[in-house]
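The values are calculated or read from the model by the stated rules, or taken from the named source; none is laboratory data. None of the values given here were measured: they were computed from a predicted structure. Virtual Cβ from ideal backbone geometry, glycine too; neighbours counted across all protein chains shown. Note: accessible area is taken over every heavy atom of the protein model, side chains too, but ligands, DNA and RNA are not part of it. Shrake-Rupley method; radii C 1.70, N 1.55, O 1.52, S 1.80 Å.
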Protein chains: 2
Amino acid sequence: MKYMFTLLLLFSFLVNNAQTNSDEVILKQFYSTSLLDGKSYNWLDHLSNRIGSRLTGSIGAEMAVEYTKKELEALGLDRVWLQPVLVKKWVRGAKEVAYIKSDINTNLPLCALGGSGPTPPSGIIAQVVEVHSIEELNALDDAVVKGKIVFFNRPMQADLIQTFEAYGGCVDQRVHGAEAAAKKGAVGVFVRSMNLRLDDYPHTGTVSYGDLPLNKHIPAAAISTNAAEILSSIIALTPEQEVYFKQSCSYKGEVQSYNVIGEITGSEKPEEIMVVGGHLDSWDLGDGSHDDGAGCVQSMEVLRLFKKLEYKPKHTIRVVLFMNEENGLDGGLKYAKDAEAKNEKHLFALESDAGGFTPRGFAFDCNDEQLEIIQSWRELFKPYLIHYFEKGGSGADIGPLKAVGVILAGLRPDSQRYFDYHHAENDTFDAINKRELELGAATMASLMYLIDANF
Amino acid sequence: MKYMFTLLLLFSFLVNNAQTNSDEVILKQFYSTSLLDGKSYNWLDHLSNRIGSRLTGSIGAEMAVEYTKKELEALGLDRVWLQPVLVKKWVRGAKEVAYIKSDINTNLPLCALGGSGPTPPSGIIAQVVEVHSIEELNALDDAVVKGKIVFFNRPMQADLIQTFEAYGGCVDQRVHGAEAAAKKGAVGVFVRSMNLRLDDYPHTGTVSYGDLPLNKHIPAAAISTNAAEILSSIIALTPEQEVYFKQSCSYKGEVQSYNVIGEITGSEKPEEIMVVGGHLDSWDLGDGSHDDGAGCVQSMEVLRLFKKLEYKPKHTIRVVLFMNEENGLDGGLKYAKDAEAKNEKHLFALESDAGGFTPRGFAFDCNDEQLEIIQSWRELFKPYLIHYFEKGGSGADIGPLKAVGVILAGLRPDSQRYFDYHHAENDTFDAINKRELELGAATMASLMYLIDANF
């Protein structure tokens, strides 16, 4: 009996060892192929430099749908299709203008927030009230705010190591500041850009007016961090100083767009689906290379690597390029709704939407038991300097799948530079490093492979 | 007795816990102070933008000595001084020129290697022999090489995750290629730049002629990776194609320079020294922001953080800004020689000379027992995403201390972008991210603190 037990142990060791060895080999192949013979960088070059920005509802967004569909078809996947999504279309209009009224040479670099309404065609001239939180605003007398521009100027907290935490601690000003200011009679809102650097780029992003009627929406804009510092100094010295600003953005209603989807059918459990994706739309200021062109091409690369290495997944592996993450999440909501309607079973979903920087690991939205299995793969990832496997947020587009019990994960690249570019004019292809992008794709493919093999 | 033992255990737990808590608090202070109130970025701005390149023996190098000495003095250290070092002075002269002879519009971006001699004033016109290693060159008949330019074109291996390994696997062509080519009768050497990207920047670096007499030295230059690809294609099509190149660099003999040193005297073991440093000299093409302005200002910041937080180290903590790492290691050799002559006892030395990118951890040159103690601090570093604590190379300047049994360490920042800039014209201040630089300084301060407290 004891002898038998020893034999069993030995057998189990050999099987486990063979498994691990083959895992090691496959991960190495993913990384080498992505770095030596990858397509993610070329795809992103096309998306960023030939197509450019992909604001939902724009021609760029539709060109990106066509282009990525064609490229996925060329990979020889089992199925590629477009999933219709009705999306909200908002346009920026003419370039915004803002300056200190007494000194038109003091330009305040500014951009309308996504979803904001315009100023009157002649612009707005008003005094500015600086606050650092919605609470601080709400504590002010309405009389102090009425007829003025409310200026939210709480900076991102620089000593938080993970910059997304600093973003999370600040972004309420941008999303909900205008609603609060409108309720107190303000005529406009400026928000300090969500940027950890001092520079001249305004960073856009969505604004919500809650349930305020359309005629109560006030124009809302982001100003650059340098402009925020200057404006704050000026109004500290001269509170009665007026500021001029003008923007021409408008909401154009719903238009037809698409999620782009491709899949490799599972060899053993074709009815169980694993999703990998990013969002195809971007803001209009740069070309959306980091947010989220990178995530799209990395997700496409995952399926390309599976095909290229002739690895046949047990589960169905599906790439989804979601439309309109930025301005309403229409694509993510539609995908989850259709999946539910069709009674599709999703096992896992991974999103890359935190920039194309050096990958550090993943955040998981799953239970403890699942996390323990995933963390047992640490050693496999060690040669690639992938070390972060913790619970945390995954991605906005795959979030709606949470309701049906799917394991969710988000790629976690190095986050230090991300908010230098996020939603700004400088989120362009030159801010992408080829190797970093390719390492991210290989890291995602490795996780997809291990989940496929072990779940 | 059993009761006594339990009490002892409890006491030990409380002491250990207090220790760990205080470690946690101190690390948090280092990181917060570096990120919220650091000086490293301003210092580097001055070094890079007001002084510029700091080629050994140049006015820039001497200005940097004066500037950093003055800044260290302003920190209120216990002692700041200059350590005289005789350094080799080499100058580039006029900008180099190279082109395909039949088509002077096909410019080949090229730069002389440090220590190379000039071409004749009228330049060199010769055919090119492409090889991929010194072995391949040595296997050729001398007749094939004689009178020609040898072109070393082995690229860095892109699927190595740690880019310094790819550098290590390639740099023999640059360092020893000219000696081998000269011995076979070549008239010049081109080396493909040590760069993982395809671009137009030539990357310089040292060349050695071994014990060849001066009159046998042949001019050696690096060409950009794009130029290497073009040249390789052209000579594959037309082997007899001639190339023109001209460079005017020369060796100017030895001149006086200095290591810049400052220290905080240890409160308990002042005679035991812990060094933190980088090298103050740079190549002349860019402004040496990553190589190694970053390492210098991070090392200065370590001592500033100790002073600012009023932490009194047990051992003497010494910052050393070494002169002439790039072109002879004169400063590092002198420092070690003087330390030996004075019978100074060094416990530990840490160098930052791998760029100012997001820190990932450290490589250690120490014994297993020491490494185990260091690795026990993993959890303390986890909130800062510092995860790499492995054996490996430390830094060139502190290397000579190895002989006297010092524990050596090198900061390991993310290495993916490093060779985009290394020794090239684009190693400039705009390639530095403030947060990444500051995180590196805090990580170094944290390690210095933990070594001081535990060794």
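Assorted remarks:
- Residues within the range B:222-268 that are of a type in the set (Ser, Thr, Tyr), within 18 Å of B:Asn107 (Cα to Cα) and not in a loop (DSSP other than H, G, I, E, B), tallied: 4
- Some residue of the range B:230-252 being closer than 30 Å to B:Asp78 by Cβ and among the polar types (S, T, N, Q): no
- Among the residues listed as B:Ile398, B:Ile386, the single one being at pLDDT 95 or above and away from chain A (no Cβ under 14 Å): B:Ile398
- Criterion (more than 14 Å from every other protein chain (Cβ to nearest Cβ) and open to solvent by 10 Å² or more (accessible area, probe 1.4 Å)) met by exactly one of B:Glu379, B:Glu301, B:Glu344: B:Glu344
- Top-ranked residue of the range B:199-211 - restricted to ones that are open to solvent by less than 30 Å² (accessible area, probe 1.4 Å) and either in contact with a strand residue (DSSP E or B) (Cβ under 6 Å, 6 or more places away or on another chain) or more than 14 Å from every other protein chain (Cβ to nearest Cβ) (or both), ranked as farthest from B:Asp284 (Cα to Cα): B:Tyr209
- Some residue of the range B:350-357 being aliphatic (A, V, I, L, M) and out of contact with any Ser or Thr (no Cβ under 9 Å at 6 or more places or on another chain): no
- All positions within the range A:205-260 that are among the hydrophobic types (A, V, I, L, M, F, W, C) and closer than 23 Å to A:Glu325 by Cβ: A:Val207, A:Ala220, A:Ala221, A:Ala222, A:Cys249, A:Val255, A:Val260
- Residue identified as open to solvent by less than 10 Å² (accessible area, probe 1.4 Å) and in contact with an Asp or Glu (Cβ under 7 Å, 6 or more places away or on another chain) among B:Gly361, B:Gly356: B:Gly356
- Test: residue in the range A:284-304 that is assigned by TED's automatic domain parsing to the domain that holds A:Ile398, at pLDDT 95 or above and more than 30 Å from B:Phe357 (Cα to Cα): yes
- Scope the range A:152-165; condition among the hydrophobic types (A, V, I, L, M, F, W, C), more than 10 Å from every other protein chain (Cβ to nearest Cβ) and more than 19 Å from A:Val189 (Cα to Cα); matching residues: A:Phe164
- Per-region count, the range B:410-440, residues of a type in the set (D, E, K, R) and more than 10 Å from every other protein chain (Cβ to nearest Cβ): 3
Residues checked against (1) in contact with a strand residue (DSSP E or B) (Cβ under 8 Å, 6 or more places away or on another chain); (2) buried (at least 19 other Cβ atoms within 10 Å of the Cβ); (3) among the aromatic types (Phe, Trp, Tyr):
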| residue | (1), (2), (3) |
| --- | --- |
| B:Ile386 | yes, yes, no |
| B:Gly392 | yes, no, no |
| B:Gly395 | yes, yes, no |
| B:Gly399 | yes, yes, no |
| B:Val404 | yes, no, no |
| B:Leu408 | yes, yes, no |
| B:Tyr418 | no, yes, yes |
| B:Leu437 | no, yes, no |
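- For A:Glu369: the one exception among (1) out of contact with any Lys or Arg (no Cβ under 6 Å at 6 or more places or on another chain); (2) among the acidic types (Asp, Glu); (3) closer than 26 Å to A:Glu62 by Cβ: (3)
- Scanning the range B:21-44 finds one or more residues that are small (Gly, Ala, Ser), closer than 30 Å to B:Lys312 by Cα and at pLDDT below 95.
- Residue within the range B:188-198 that is open to solvent by 30 Å² or more (accessible area, probe 1.4 Å) and under 22 Å from the mean Cα position of the chain (by Cα) present: yes
For every residue, the table says whether it meets (1) of a type in the set (D, E, K, R); (2) at positive phi; (3) within 14 Å of chain B (Cβ to nearest Cβ).
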{"residue": "A:Ala98", "(1), (2), (3)": "no, no, no"}
{"residue": "A:Ala112", "(1), (2), (3)": "no, no, no"}
{"residue": "A:Ser122", "(1), (2), (3)": "no, no, no"}
{"residue": "A:Glu130", "(1), (2), (3)": "yes, no, no"}
{"residue": "A:Ala139", "(1), (2), (3)": "no, no, no"}
{"residue": "A:Gly177", "(1), (2), (3)": "no, no, no"}
{"residue": "A:Gly185", "(1), (2), (3)": "no, yes, no"}
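- Residue check for A:Ala126: over 24 Å from the mean Cα position of the chain (by Cα) and of a type in the set (A, V, I, L, M, F, W, C): yes
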